[in-house]
Amino acid sequence: MACEEFERFKQEIRSWMDCHPDEYDAFVEEMNGKSFTGIQRVYMLAMRLAPQLMAKARRELHGDQTCEEADFVVVLADETLASQLVSEFHNTDQSSIVPAMLAWLYYGRCYETMVERLEELIEESENRINKWLCNLMIKFVIRGSIRNGMRTREDWERYRRERTMSPLDAAIDSLPPKDKEMLQPCPAQRTGIRRSDDRTLSALILADDKQRIIEKIRTRLASKSTQRDIAMMKVALEEAGITMNCSVRTFRDALQAEFPEYAIVLERGIQRCYKFLLDTNARTGKLQKDIGEDRILIDEIIRYFTDAE
């Protein structure tokens, strides 16, 4: 596809996204869901458009046999997926996921989400071929994002660092040098012992109608309880002034104590997502939480908690 045609096609996708916000939001929510339904739909679409990939996997992967990943990358590259997706976009029915998927691909947090979901599939799957294919797809997603200019190697290096940093590290790392110097502790403080924070959810809530907020959190957790869901809810509640700022551990433990009927996801995954939202996007200079679909979803959560019933 020529450069002008490509830019024109991207604009068509943007126009579709602007005219179909509900369909796009529903697709993003499905992709972020813990049921993996969205990932499975995209996987089935890829298998329909790239049948050679699955055929090659079934033909060459048996027992403990291994094969060259490069051969599979060539198969993926030769499938002319781009032209097929353009055709699907222009000649599709309302039930197709192609328009929303392309909008997510070009304008959303798609690559990072795909990597995270594929990693979770690797952890949960007991099938060797599925694990191998997921590992392959992670490499293909990262390399493809760099090749098509949607991400850079530095973006992925930053993303990897964010997943191992604490929220405090991320916040301090984004400060100007002079502000960082002001945060340096004196020698006595450096030897101090960190105290645990075991505040309850009610204690963290600043709003007067604490019980209403607690019940709305309970309702939301019933269907939206992934690592990213909880990280976004924390950001939204703090932005709206509904809860006070606290560590991810304090927030997560307060949720678990308040709602023992739910198995709240572990702290580490929530921290990883929370750090990403608070990091500065290299291309826009804004915090990640303030751009694209992240901003849309956080605003939706704020409305959920602030709208009168």
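The values are calculated or read from the model by the stated rules, or taken from the named source; none is laboratory data. What you are looking at is a predicted structure, and each value in this text was computed from that prediction instead of being measured. Here the Cβ positions follow ideal geometry from the backbone for every residue, glycine too, while neighbour counts run over all protein chains shown. For accessibility, only protein heavy atoms count, side chains too; no ligands or nucleic acids. Shrake-Rupley method; radii C 1.70, N 1.55, O 1.52, S 1.80 Å.
With the cut-off at 31 Å, tell me which of the pairs LYS10/LYS216; LYS131/LYS216; LYS10/LYS131; LYS139/LYS286 have Cα atoms farther apart than that. Checking Cα-Cα distances, LYS10/LYS216; LYS131/LYS216; LYS10/LYS131 exceed 31 Å.
For MET150, the solvent-accessible surface with a 1.4 Å probe is about 30 Å², rounded to the nearest 10.
Put a plus charge on the Cβ of each Lys and Arg, a minus charge on the Cβ of each Asp and Glu, and nothing anywhere else: the dipole of the stretch 202-309 about its Cα centre is then about 420 debye.
In this structure, the amide hydrogen of THR243, modeled 1.01 Å from its nitrogen in the peptide plane, lies closer than 5 angstrom to those of LEU206, GLU238, counting only residues at least 5 positions away or on a different chain. Computed from backbone phi, the HN-Hα couplings of the stretch 218-225 come to 4, 4, 5, 5, 4, 10, 10, 10 Hz, rounded to whole numbers (Karplus: 6.51 cos²θ - 1.76 cosθ + 1.60, θ = phi - 60°; Gly and Pro given as x). Each peptide among 9-22, 289-302 gets the average number of other Cβ atoms lying within 10 Å of its residues, and from highest to lowest they stand as 289-302, 9-22.
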